[in-house]
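A.B. asks: Structure provided below as structure tokens; questions to follow.
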Amino acid sequence: MSTVETVDADSGGSLHQRILSDISEKILSGAWAPGHRIPFEHELTTEYNCSRMTVNKALSQLAKAGLIERRRRSGSFVRQPQSQAAVLELHDIRIEVEALGLPYRYERLERLKRRSNADDRALLGLSAAGSLLWVEGLHFAGEQPFALEQRLINLSAVPEAGDEEFLEIAAGPWLIGRVPWSAAEHRIRAMAADEVVADALDIDPGAPCLVVERRTWSAEHPVTHVRFVYPAESHTLVARFTPSQG
């Protein structure tokens, strides 16, 4: 027997996705610090007017993603980040834009389902050819382009992504809500904007840009490779570290 969840008209997603997004935002923005107790399941059920199963599903995925720790009889708590890479991987650009006090908007530029080529396999770390999804989109801060996103998704690892259009929601938050990642790799570099990047970000060709590339795996299966390109003058990477307990 199937169950139908209430649809949130504002986000275009299910209540399950809304709960994931709301709790992730509070954790990643620092509103809920490590050790903070997440509201109990019955409290979230009342707040979102949904079933206990919907709440449990959202909390389970947050635990798999490493954002919260579930303790029997005690409830769920925000986990102490194990590494800055984990925080970066789960970071939602929408949160960053809204922290600036600006309205956020995402616009898909291109979506293409195709067979992987040699370059794709090198980026994703695939040993054999297969189906993938290419998605390119723009993140806006107010009326100004904030970041260009170019993403490859391995459809053998996430076949349901092939049915998503990603017109109003970026692929990153969508993947976080559905695929528990087990490893991530980041590469950060500078580049001069070429014609394509300059046109997308509304900057001059040759203008300095910051590029963040990342790959993620789930149970050793490559999931996605994404490249974010930011105008260098408007973006800064900040990391906070605490002493390890090893």
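The values are calculated or read from the model by the stated rules, or taken from the named source; none is laboratory data. The shown structure was predicted, so the numbers you read here are calculated from the model rather than taken from an experiment. Glycine gets a Cβ as well: all are built from the backbone with ideal geometry, and neighbour counts include every protein chain shown. Ligands, DNA and RNA are excluded from the accessible area calculation, which covers all protein heavy atoms including side chains. Shrake-Rupley method; radii C 1.70, N 1.55, O 1.52, S 1.80 Å.
A.B. asks: Nearest 0.05, what FRET efficiency do ASN117 and GLU220 give at R0 = 25 Å with Cβ-Cβ as r?
C.D. replies: Calculated transfer efficiency: 0.65.
A.B. asks: Then there is this: Please work out the average accessible area per residue across the stretch 10-74, using the 1.4 Å probe convention, and give it in Å². Don't jump to the answer; show the numbers that get you there.
C.D. replies: On the way: 3630 Å² over 65 residues.
Roughly 56 Å² per residue, with all protein chains present.
A.B. asks: Ok, one more. For an R0 of 30 angstrom, estimate the FRET efficiency from the Cβ-Cβ distance between SER131 and HIS36 and round to the nearest 0.05.
C.D. replies: On the way: r = 41 Å, r/R0 = 1.37.
My answer for the efficiency is 0.15.
A.B. asks: Related question: How compact is the stretch 127-188 by the rule of thumb for globular proteins, expressed as Cα Rg over 2.2 N^0.38 Å?
C.D. replies: So the Cα radius of gyration is 1.24 times the expected 2.2 N^0.38 Å.
A.B. asks: Over what distance in Å are the Cα centres of the stretch 169-193 and the stretch 108-141 separated?
C.D. replies: Centre-to-centre distance over Cα atoms comes out at 13 Å.
A.B. asks: Shifting gears a bit: Could you compute the FRET efficiency for ALA183 and SER51, with r as their C-beta to C-beta distance and R0 at 35 Å, rounded to 0.05?
C.D. replies: The formula returns an efficiency of 0.60 here.
A.B. asks: Could you give the length gained on full extension between ARG227 and ARG71, defined as 0.36 nm per residue of separation minus the Cα-Cα distance, in nm?
C.D. replies: Here the answer is 52.5 nm.
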